[in-house]
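Remarks on the structure that follows.
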Amino acid sequence: MVQLIVGKKGKGKTKQLLDKVNNEVKNISGNIVYLDKSTKHMYELNNKVRLIDVSQYPIENNSEFLGFICGIISQDHDLQQMYFDSFLKIASLEDGDLTASVAKLETISDSFNVDFILSVSLDEAELPESLKDKIIISL
């Protein structure tokens, strides 16, 4: 399953994402990974959540990002959820095709039973119609 938290930059998506991950860590038995563009939010995350600073890796495009995600999943068979803050930036999608990337994440999710929760810096109105049913929070 892929879920989206959407809204323009500065609307509070990161806070919503952090609240969600910190609540979920109490309720699930598997592991959680949180991907971000820095380690800025390290102390706001529950210590059971693994934080990965994507900027430390030489990821140049969306295909490499999706390969990176598959690599993380392959190393942790107990992985249950992945949270992506600043998704468009970390996935190298600022000018790319969000729909194709989310479709690929859906396929990965179905194959490996990992849920993806994405923070996307776009208004709901800017999203393609095919992605609107995945929105859980619109700011």
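The values are calculated or read from the model by the stated rules, or taken from the named source; none is laboratory data. Everything numeric in this text was worked out from a predicted model, so none of it was measured. Every residue, glycine as well, gets a Cβ built from its backbone with ideal geometry; the counts of neighbours run over all protein chains shown. Calculation scope for accessible area: heavy atoms of the full protein, side chains included, ligands and nucleic acids excluded. Shrake-Rupley method; radii C 1.70, N 1.55, O 1.52, S 1.80 Å.
State yes or no: is residue 138 modelled with pLDDT under 90, in contact with a helix residue (DSSP H, G or I) (Cβ under 6 Å, 6 or more places away or on another chain) and within 24 Å of residue 23 (Cβ to Cβ)?
Details: modelled with pLDDT under 90: yes; in contact with a helix residue (DSSP H, G or I) (Cβ under 6 Å, 6 or more places away or on another chain): yes; within 24 Å of residue 23 (Cβ to Cβ): yes.
The answer is yes for residue 138.
Condition first: in a helix (DSSP H, G or I), surrounded by 14 or more Cβ atoms within 10 Å (Cβ to Cβ) and not β-branched (Val, Ile, Thr). Can you find one or more residues in segment 89-96 that meet it? Steps first, answer last, please.
Taking segment 89-96 as the starting set, the residues that turn out to be in a helix (DSSP H, G or I) are 89-90.
This time we only want the ones that are surrounded by 14 or more Cβ atoms within 10 Å (Cβ to Cβ), so: 89-90.
Pick out the ones that are also not β-branched (Val, Ile, Thr) and you get 89.
Yes, there is a match, as at least one residue in segment 89-96 is in a helix (DSSP H, G or I), surrounded by 14 or more Cβ atoms within 10 Å (Cβ to Cβ) and not β-branched (Val, Ile, Thr).
Take residue 21 and tell me if it is modelled with pLDDT of 90 or more and surrounded by 16 or more Cβ atoms within 10 Å (Cβ to Cβ). Write out each step before concluding.
Working: modelled with pLDDT of 90 or more: yes; surrounded by 16 or more Cβ atoms within 10 Å (Cβ to Cβ): yes.
When the stated conditions are applied, residue 21 passes them.
Among 16, 81, 3, which is open to solvent by less than 30 Å² (accessible area, probe 1.4 Å) and of a type in the set (S, T, N, Q)? Break it down stepwise before answering.
Numbers: 16 fails: open to solvent by less than 30 Å² (accessible area, probe 1.4 Å); 3 fails: open to solvent by less than 30 Å² (accessible area, probe 1.4 Å).
The match here is 81.
Residues are listed down the side, and each one gets a yes or a no for (1) touching a Leu at 6+ places or on another chain (Cβ under 7 Å); (2) under 23 Å from residue 49 (Cα atoms); (3) modelled with pLDDT of 90 or more:
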site: 62; (1), (2), (3): yes, no, yes
site: 74; (1), (2), (3): no, yes, yes
site: 79; (1), (2), (3): no, yes, yes
site: 93; (1), (2), (3): no, no, no
site: 96; (1), (2), (3): no, no, no
site: 104; (1), (2), (3): yes, no, yes
site: 112; (1), (2), (3): no, yes, yes
site: 119; (1), (2), (3): yes, yes, yes
site: 123; (1), (2), (3): no, no, no
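Can you confirm whether residue 69 is closer than 27 Å to residue 103 by Cβ, β-branched (Val, Ile, Thr) and modelled with pLDDT of 95 or more?
On the way: closer than 27 Å to residue 103 by Cβ: yes; β-branched (Val, Ile, Thr): yes; modelled with pLDDT of 95 or more: yes.
Taking the combined requirement at face value, the residue satisfies it.
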